[in-house]
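Following: one structure in structure tokens, then a few remarks.
The values are calculated or read from the model by the stated rules, or taken from the named source; none is laboratory data. Since we're looking at a predicted model, the values are computed, not measured. Please note: Cβ atoms are built from the backbone with ideal geometry, for glycine as well, and neighbour counts cover all protein chains shown. With ligands, DNA and RNA removed, areas are computed over all heavy atoms of the protein, side chains included. Shrake-Rupley method; radii C 1.70, N 1.55, O 1.52, S 1.80 Å.
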Amino acid sequence: MDHEADAYRTDLMTITRFVLNEQSKYPESRGDFTILLSNIVLGCKFVCSAVNKGEEQKKLDVLSNDVFVKALVSSGRTSVLVSEEDEEATFVESSKRGKYCVVFDPLDGSSNIDCGVSIGTIFGIYTMEHSDEPTIEDVLKPGNEMVAAGYCMYGSSCMLVLSTGTGVHGFTLDPSLGEFILTHPDIKIPNKGNIYSVNEGNAQNWDGPTTKYVERCKYPKDGSPAKSLRYVGSMVADVHRTLLYGGIFLYPADKKSPNGKLRVLYEVFPMAFLMEQAGGQAFTGKKRALDLVPKKIHERSPIFLGSYDDVEEIKALMVADVHRTLLYGGIFLYPADKKSPNGKLRVLYEVFPMAFLMEQAGGQAFTGKKRALDLVPKKIHERSPIFLGSYDDVEEIKALYAAEENN
Ligand code: FBP
């Protein structure tokens, strides 16, 4: 009789017990989070059984959303809910309100339901920092203010992966017990992987660095083996594999979808939170994904996430914006906006040198009002809006500005 195995097998670390242990580390905690999470777990168990019953897509989308909204409201621990399925946010009536705001996609990858491919539920949790009337601002917050995130994957097994800010842990549903049991404690993503995951069907519309990065995955120039392509087309399944095996998952911007496809609040943020907690990283093409501040609840963003070193490689390709523009053409712009009426970049040591190079390379540089090189700065650190790049692309911007001036 293998007592040790039996002891381990009988020492069931359910997700509720796990979260209660976590909670005991915070003496001031009243158990609100545990109650909230147990309602999310209930929703996941419902969807898991409905998926296994083979409910058809349309119905399952709506059913899952209903179950999660009702479970979250009846938990008495939430104030604002944002669901991929609902155009508007749900503000919980005052008698049932609590200190958390939950953003979620009740059934992600739903286009895969009818062919039985893995799908999932994704969620992110914020706390409300005030006791006034909840507003949309309570969820339009950077991802780095999330207190917990997770997903539940409905595939060959049903697995809930969770982080409350102290590492990432995987729980597998034991159907005989109806309990999520800790099977993957403290998941750490490998620093580098040999898998890349992207819908190459969009390749013709990609920008230079994305094209170059995927090229490098297939034909590495440093003698390292080519990466394998794995793409399910269901974010939960693709990110789950990336988390366990390493590598990179990307849904970049392209000419057709300049902001990519995936939603910031309930797809990008939760997965970025988990990736960072597991030692990986998540990048938008311009910045750390969790530093984004969404302006709308269904806002989209390009995303590159996965193993630390793999994402570093694409960052190196992406950051060199002007260099990329010089090499691949197109346009680099840093316009004025309400917050920075003169743009961000400095005339003397950013705008002028790049404008000089761009003109020498046959491109042009425009401030929104005049040729950038014709500017006469009054102060050494003066800023100016800038549009620089391929001649024709900048001509297009100039025409737009001229039209605006004539209106
Ligand atoms: P939905 O929100 O419509 O389910 O779309 C999300 C999603 O299915 C992700 O799960 C997946 O990563 C992506 O879209 C696949 O998109 P594409 O089919 O364009 O590759």
Lone qualifier among 122, 195, 189, 181 - being of a type outside the set (Asp, Glu) and over 19 Å from residue 303 (Cα atoms): 181
Spot the failing condition for residue 231; the list is (1) in contact with a strand residue (DSSP E or B) (Cβ under 8 Å, 6 or more places away or on another chain); (2) open to solvent by less than 30 Å² (accessible area, probe 1.4 Å); (3) within 16 Å of the ligand (Cβ to nearest atom), and only one is missed. (2)
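Enumerate the strands (runs of 3 or more DSSP E) found wholly within the stretch 147-213, keeping only those where 3 or more residues are open to solvent by 10 Å² or more (accessible area, probe 1.4 Å).
169-174, 179-184
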Looking at the stretch 119-139, can you tell me whether even one residue there is open to solvent by less than 40 Å² (accessible area, probe 1.4 Å) and farther than 29 Å from residue 63 by Cα? no
Of everything in the stretch 190-235, what is in contact with a Cys (Cβ under 8 Å, 6 or more places away or on another chain) and of a type outside the set (Lys, Arg)? Give them in sequence order. 196, 226, 229
Within the stretch 383-403, track down each residue that is in contact with a Leu (Cβ under 7 Å, 6 or more places away or on another chain) and not polar (S, T, N, Q). 383, 386, 387, 394
Within the stretch 234-258, can you find the residues that are within 11 Å of the ligand (Cβ to nearest atom) and either surrounded by fewer than 22 Cβ atoms within 10 Å (Cβ to Cβ) or assigned to a strand (DSSP E or B) (or both)? 249, 250, 251, 254, 256, 257
Exactly one condition in (1) within 16 Å of the ligand (Cβ to nearest atom); (2) without any contact (Cβ under 8 Å) to a residue 60 or more places away in the chain; (3) in a loop (DSSP other than H, G, I, E, B) is not met by residue 226; state its number. (1)
Residue count for the stretch 90-122, restricted to those that are more than 15 Å from the ligand (Cβ to nearest atom) and touching a Pro at 6+ places or on another chain (Cβ under 9 Å): 4
What helices (runs of 4 or more DSSP H) completely inside the stretch 296-407 contain at least 2 residues that are touching a Phe, Trp or Tyr at 6+ places or on another chain (Cβ under 8 Å) and of a type outside the set (Ser, Thr, Tyr)? 308-319, 321-328, 391-406
Condition met for residue 178 (under 20 Å from the mean Cα position of the chain (by Cα) and away from the ligand (no atom under 16 Å from the Cβ)): no
Counting only residues in the stretch 1-18 that are of a type in the set (A, V, I, L, M, F, W, C) and at pLDDT below 90, the one surrounded by the most Cβ atoms within 10 Å (Cβ to Cβ) is identified as 12
